[in-house]
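Right, one structure below, let's go through it.
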Amino acid sequence: MDNKITKGISKLLSYILRHSPETIGLKLDENGWADVDELIAKFDLYERRIDFELLDYIVENNDKKRFAFNEGKTRIRASQGHSISIELNLNEAEPLEYLYHGTVEKFLSDIKAQGLQKMSRQHVHLSADRETANKVGSRRGKPIILTINSGAMHRAGYKFYLSDNNVWLTDVVPAEFITF
Ligand code: HQG
């Protein structure tokens, strides 16, 4: 399968399923699911032809497993990363003692003052390993990796969730739980 084509479609899918389904006139349900047949038909209308086989390939092979089907593969959604308000019914989980967040220098003073905030997304995104945090930070420039004292946060009553594609999510990380 042509990597360029699948990458382009994956990017568009992320945008539509996380941020802007209305761009192609699609409706998601309250849990973020789109009907697969409707999605394919709407893509067609916008002249981005996809078929079920391609969608299935993307769900299976996407580098971060960003998308998931329901059991019968009749519905599809993004597993995390939304800015639109939907209920993912995430599983609460006990985090590792330390998690990581990749960011860049220009945000540090605000993060020191306000902690990590959701910004435009529904959660703060954290990684189980430094390498992933490094990649996340690199999207914006020279990465800086913050260590989150997630074990201590959890013991203090903060909730953590693990998405279907193994991204750690929480509502806020107060600065006192961050090692800069
Ligand atoms: C920063 C990608 C100022 C934060 C990635 C980040 C991830 C603050 C930016 C996923 C702040 C938000 C999410 C504060 C946080 N003041 N800046 N108080 N608190 N920030 O994109 O974590 O490839 O919403 O450090 O791989 O970068 O799309 O979050 O730099 O998993 O699947 O504000 O998106 O996944 O940026 O990335 P984002 P993120 P995908």
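What follows draws every value from the coordinates through simple rules; no lab data is involved. Worth saying up front: this structure is predicted, and the values here are computed from it rather than measured. Here the Cβ positions follow ideal geometry from the backbone for every residue, glycine too, while neighbour counts run over all protein chains shown.
Couple of notes before you dig in:
- From phi via Karplus (6.51, -1.76, 1.60), per-residue ³J(HN,Hα) for the stretch 54-71 in Hz, x at Gly/Pro: 5, 4, 4, 4, 5, 4, 6, 9, 4, 4, 10, 6, 5, 10, 9, 8, 6, 4
- Loop sites in the stretch 92-180: trypsin sites (Lys or Arg not before Pro), DSSP, at most 11 other Cβ within 10 Å: R139
- Normalised convex hull volume, the stretch 69-164, alpha-carbon set, Å³ per residue: 124 Å³
- Karplus 3J(HN,Hα) series, Hz, for the stretch 85-98 with 6.51 cos²θ - 1.76 cosθ + 1.60 (x for Gly, Pro): 7, 9, 9, 7, 6, 5, 7, 6, 8, 7, x, 4, 4, 10
- Equivalent ellipsoid of the chain: semi-axes from √(5λ) of the C-alpha gyration tensor, largest first, are 32, 17, 14 Å.
- Rg over Rh for the stretch 67-113 works out to 1.12, both radii taken from alpha-carbon positions and Rh defined as the Kirkwood radius.
- Subtracting the Cα-Cα distance of R155 and T74 from their residue separation scaled by 0.36 nm leaves 25.2 nm.
- Placing a label point 7 Å from the Cα of R139 along the Cα-to-Cβ direction, the residues of the stretch 154-180 with a backbone N closer than 19 Å are 161-173.
- Relative contact order (%) - the chain, alpha-carbon pairs under 8 angstrom, separation at least six: 21 percent
- If you model the stretch 10-90 as an ellipsoid using its alpha carbon gyration tensor, with each semi-axis the square root of five times an eigenvalue, the axes come out at 17, 15, 12 Å, biggest first.
- For the listed residue pairs K106/K159; K7/K65; K64/K135; K7/K159; K11/K73, the alpha carbons are over 23 angstrom apart in K106/K159; K7/K159.
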